[in-house]
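First comes the structure, then the notes that go with it.
What follows draws every value from the coordinates through simple rules; no lab data is involved. No experiment lies behind these values; they were computed from the predicted model shown. Glycine gets a Cβ as well: all are built from the backbone with ideal geometry, and neighbour counts include every protein chain shown.
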């Protein structure tokens, strides 16, 4: 049941990405609804994740075993404790979070900076002639910027990262990945990141040669 609830609470994340990249309601309404979902998601997702943290593995999302490992993390909202269901999952989690902490500025600028640029460009596209700036131009910026940020995290962090120390401050809160498990979020970063990188480059090439 916890896995199902966690998955349901994770759904606003792909919904936001769909609203931002497809804009099914038109640019203003899609952006507005997406921003509202982003701003309100933490209000219900984080309390759920923290309430179930003692009984779930932050790496795989499964139940914590009697031999579960406790990890103290320094998140942006404050210090928290999470569990890993076994030693190997704890090691992978520490490496992933250690890589994220070591590349905190890179991830913050790459993800948050790209999101800010996307919202500004998407809003501007409403008032600018399509020949100069189209809504799909801002979508390509979002896809390229996010892909270039999360692909290294997805592919390199679990194997190349140095184990995180409890005093290291993470660049992001971990409640989103706790909803379904860090390993599944990393796979989304890998697969969606490759797709977004390719589509962003194809769009850029088309605009250059138009």
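Observations, loosely collected:
- Relative contact order, percent, the chain [alpha-carbon distance under 8 Å, six or more residues apart]: 27 percent
- Applying 1/(1 + (r/R0)^6) with R0 = 25 Å to the Cβ-Cβ distance of residue 190 and residue 22 gives a FRET efficiency near 0.70.
- Under 16 Å from a label point set 7 Å out along the Cα-to-Cβ vector of residue 208, the amide N atoms of the range 118-147 belong to 140-141, 144-145.
- Euclidean distance of C-alpha centroids, the range 167-210 and the range 2-44, integer Å: 16 Å
- Label zone at residue 11 (point 7 Å along Cα-to-Cβ), backbone N below 19 Å, the range 30-73: 33-49
- Packing here is the average count of other Cβ atoms within 10 Å per residue, and on that basis the peptides 199-207, 113-121, highest first, run 113-121, 199-207.
- GNM on the chain, alpha-carbon springs under 10 angstrom: the most fluctuating residue among 130, 54, 152 is 130.
- 41, 209, 89 arranged by Cβ crowding within 10 Å, fewest neighbours leading: 209, 41, 89
- For Rg and Dmax of the Cα atoms in Å, computed directly from the structure shown, the correct entry in (1) 26.7, 93; (2) 21.5, 75; (3) 18.2, 62 is (3).
- Principal-axis tilt of helix 12-22 within the chain, Cα atoms, nearest 10 degrees: 20 degrees
- With the helix formula -39500 (n - 2.57) applied to DSSP H stretches of n ≥ 4, the chain reaches a computed 222 nm mean residue ellipticity of -21500 deg cm²/dmol.
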